[in-house]
Amino acid sequence: MLSSTTTDSVVVLRRDSNQALGIGQFAVEFLNEGGAAPAPEVRERTTMFWTDSVLCGLSALALGTNAPAVLRAEALEYPRAGGVPVFGDDASVAPEKAILANCAAVREWDSNGTNFGYNPTLGHTAGEFGHNDFYAVPVAAAQASGRDGASALLGMICLDEIRGRLAEVFSLKSYKIDHVVHGAIASAATYGAMLGATPEQIESAIGMFVAHFIPWRAIRAGKQLSDSKGASAAISTEAAIVCMQRSMRGFLGPRDIFRNPEAIWRQFEPTDGPAPFDLHLSRAGDDFAVMGMHFKLGLYEHQSAGALQGVIDLLLAHPAILADPAGLESIKIVAYEPAFGIIGDPAKRDPRTRQSADHSMVYIVSTLLRKAFDVAGQSGVGTLGGSGDEMWKRLMLVPADYAPDAIDHPETRRLMEKISFEHGGPEYDSRYPDGIPTSVVVRAGGETHDSGLVMYPAGHARNTTADLRGILQEKFARLGGLALDEPGPIIERLNGVAQLSASGLKDLYDFTIADRGRFD
C-alpha cells in the first residue's frame, strides 16, 4: 500500500505514513507552490466565517469581557519590531501574543462557527467538535511575512481543512482531551508554511506541541465555568506557534508523532504500528471541510440550535402560544448525546455565570421564549408575525441576554422551571452528528404542540431553507454596532479581506473599538 496518494484535488496521508511530515508537506504546497485551487464557494464561505469570528471578538472586547481584556493587555506588553497588531490597535507585538489575544476574543462569546467532524462519504464520522477560532494565525502569518489578503484567506482555508479533517477521524472528547488540539496542530502547520518553514520543521513543531502541551477537558468541567474554557483555543494556539518558531530556530521535536506509541493517538486507540486513521486533505474543488461547518445565529451553545429551531417553528405554526405567558404550562425538549450531557447537566439548571448560562439548554430556550413574549406583547396583537428568518433576526440571542441581570431575570427563571430536558436514546443518538436531532413539545392553553424531529436548524451546513446570509447580516450589524461607532466600513473591510493588498492587510485592525463598559 502506498504511504500517501496525491491527485489534483486531494492528498491522502495513509495511516502507515509519517502523517505529521505529510501535513507539513501539504501546507507548504498548498500555501506556497500553487497546490491549492479551492472553488469560489469555499472562499466565500470561509470569508463569512472569518467576518463572523472577528465581529464576535470585537464585541467581546468592547464589552470588557475578562479573558480577552487580560490577554490583549498581555500582548501589548510584548512590543516587537516586525510583529503584528492586535484587534483595534496599530502597535506591533510578538505574533504569538497577538494570536493569543485575538483568538481569545473571537472565542469569548462561543458564538462563531462550529464543526462536528462528520464525513459519511469517506466513512470518517468521529464527530469531534471544533470551532472557527484560529483565523488569527494565517492573518498574523501573512502580516508578518508581507503577504496580501488573498494569501491570508488561503491560509484560513488550509487551517480549517487540516483541523476539520482531523476532527472527522479522531474523537478527542472520547478520551477527555480538549478539541483545540486539532486546531493547534493545524495552526502550527499553517503558520510555519506561511513563514517559510520546511515540512520537516513543521513535523518537528507538531511533535513538540503534542508531546508537551495536550490540554484536558478539565477546563470545561465544573458547575460554573472559568476563563480557561473560552480561552482554551487561544492558549493552545499560542503554544503551537511558539513550537513552530522554536522549530524554525533549529530545535528538534519528536518526529512522526501520529505513529508514536506513547503519543495520544495510539495510546487511546492502540495499533501494531500505524496511526489509527487515514487522513484526506483537499487541494482543489468544493469538497473542503469548511463546507460542512455550521454557523451560530447568535449567542448559544450549538447543541441547542435544534431546540431553538423547534421553538421558532412552533411559534410560527401556533402563534396563540404567545397570547398568554401565564398559559404556558410545560416544555419538553428531547435531544441526543452529547447535547444532553453537555447542556443538560443538572448543574446547568441554575447558571450563575455567562459561561455556564450559554451552556444551559433550559436557560437558552427560556431566554428565547422570554424575548418572544416581550416582542409579541409590544406588537399589541400578541403575535410575532413574519417568517422563520425574521424570527431568527428578531429573537437573536446577543450579549445582553447573558448579562447578570438577564441571568437572574424572574421571567426567564419562571420559564426555566417549566422545561424538562430528556435524552432521546438510540433513535436520536444515531442521527448525530449528521444533524442536531431535537424535538420540542409545548403545552399551552390546554393544547399540546409538537415540533416533530428537527435535524438541520438554520445555520447548519445542511439547512437549505433559511436565509443564511440575511440572518448573518443581522448578526454582523448587531455585534458590529456593539464594537464600533460606525461598523459598516469595518464589516465591508472584513468581507473584502481577499482583495486587500499587503499594506491593507497590515492595517486591517487599525480602528478604534468602542468602550461599552464592563459586561461582567
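The values are calculated or read from the model by the stated rules, or taken from the named source; none is laboratory data. Since the model is a prediction, treat every value here as computed from it, not as a measurement. We place every Cβ from the backbone using ideal geometry, glycine too, and count neighbours over all the protein chains shown.
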Inset, instruction - Could you check residue 258 against (1) buried (at least 21 other Cβ atoms within 10 Å of the Cβ); (2) at pLDDT below 95 and say which number it fails? - result: (2)
Legend entry - Total residues in segment 434-449, condition surrounded by fewer than 17 Cβ atoms within 10 Å (Cβ to Cβ) and β-branched (Val, Ile, Thr): 1
Inset, instruction - With the condition kept exactly as written, say whether any residue in segment 340-350 is in a strand (DSSP E or B) and farther than 26 Å from residue 399 by Cβ. - result: no
Inset, instruction - From (1) within 19 Å of residue 104 (Cα to Cα); (2) of a type in the set (Ser, Thr, Tyr); (3) touching an Asp or Glu at 6+ places or on another chain (Cβ under 8 Å), pick out the condition that doesn't hold for residue 135. - result: (3)
Legend entry - Options 61, 31, 71: the member that is modelled with pLDDT of 95 or more and farther than 25 Å from residue 490 by Cβ: 31
Inset, instruction - Would you be able to say whether some residue in segment 371-385 is under 30 Å from residue 104 (Cα atoms) and either touching a Phe, Trp or Tyr at 6+ places or on another chain (Cβ under 8 Å) or of a type outside the set (S, T, N, Q) (or both)? - result: yes
Legend entry - Those residues of segment 342-355 which are out of contact with any helix residue (DSSP H, G or I) (no Cβ under 6 Å at 6 or more places or on another chain) and among the small types (Gly, Ala, Ser), in sequence order: 347
Inset, instruction - Would you check which residues across segment 125-142 are crowded, with 24+ Cβ neighbours inside 10 Å and more than 18 Å from the chain's Cα centre (by Cα) and list them? - result: 140, 141, 142
Inset, instruction - Inspect all residues belonging to segment 175-187 and state whether any of them is assigned to a loop (DSSP other than H, G, I, E, B), among the basic types (Lys, Arg) and at positive phi. - result: yes
Legend entry - segment 117-130, residues that are in a loop (DSSP other than H, G, I, E, B), touching a residue at least 24 places away in the same chain (Cβ under 8 Å) and not polar (S, T, N, Q): 117, 118, 120, 122, 126, 127, 128, 129
Legend entry - Criterion: over 18 Å from residue 363 (Cα atoms), of a type in the set (D, E, K, R) and not assigned by TED's automatic domain parsing to the domain that holds residue 66 - qualifying residue of 429, 408, 401: 429
Inset, instruction - Tell me, yes or no, whether segment 106-116 has at least one residue that is modelled with pLDDT of 95 or more, assigned to a helix (DSSP H, G or I), in the same structural domain as residue 44 (by TED's automatic domain parsing) and farther than 17 Å from residue 508 by Cα. - result: yes
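To keep it simple, each residue is scored yes or no on (1) of a type outside the set (Ser, Thr, Tyr); (2) under 25 Å from the mean Cα position of the chain (by Cα); (3) modelled with pLDDT under 95.
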position	(1), (2), (3)
364	yes, yes, no
387	no, no, yes
414	yes, no, no
418	yes, no, no
424	yes, no, no
429	yes, yes, no
432	no, yes, yes
459	yes, yes, no
Legend entry - Residue that is farthest from residue 437 (Cα to Cα) [pool: residues in segment 351-375 that are of a type in the set (S, T, N, Q) and not in a helix (DSSP H, G or I)]: 353
Legend entry - Subset of segment 144-167 [under 20 Å from residue 91 (Cβ atoms) and buried (at least 24 other Cβ atoms within 10 Å of the Cβ)]: 152
Inset, instruction - Of the numbered conditions (1) free of Cβ contacts under 8 Å to residues at least 60 places away in the same chain; (2) closer than 20 Å to residue 133 by Cα, residue 208 fails exactly one; give the number of that condition. - result: (2)
Legend entry - Unique residue being closer than 30 Å to residue 64 by Cα and either acidic (Asp, Glu) or without any contact (Cβ under 8 Å) to a residue 12 or more places away in the chain (or both) when the list is 238, 203, 161: 238
Inset, instruction - Go through segment 488-511 and give me each residue that's without any contact (Cβ under 8 Å) to a residue 12 or more places away in the chain and within 13 Å of residue 52 (Cα to Cα). - result: 492
Legend entry - One residue from 90, 148 being in the same structural domain as residue 277 (by TED's automatic domain parsing) and modelled with pLDDT under 95: 90
Inset, instruction - Would you confirm whether any residue within segment 12-28 is more than 17 Å from the chain's Cα centre (by Cα), at pLDDT below 95, part of a loop (DSSP other than H, G, I, E, B) and surrounded by fewer than 24 Cβ atoms within 10 Å (Cβ to Cβ)? - result: no
Inset, instruction - Output the number of residues of segment 230-256 satisfying the condition of being part of a helix (DSSP H, G or I) and out of contact with any Phe, Trp or Tyr (no Cβ under 8 Å at 6 or more places or on another chain). - result: 10
Legend entry - residue 337 assigned to a loop (DSSP other than H, G, I, E, B) and acidic (Asp, Glu): yes
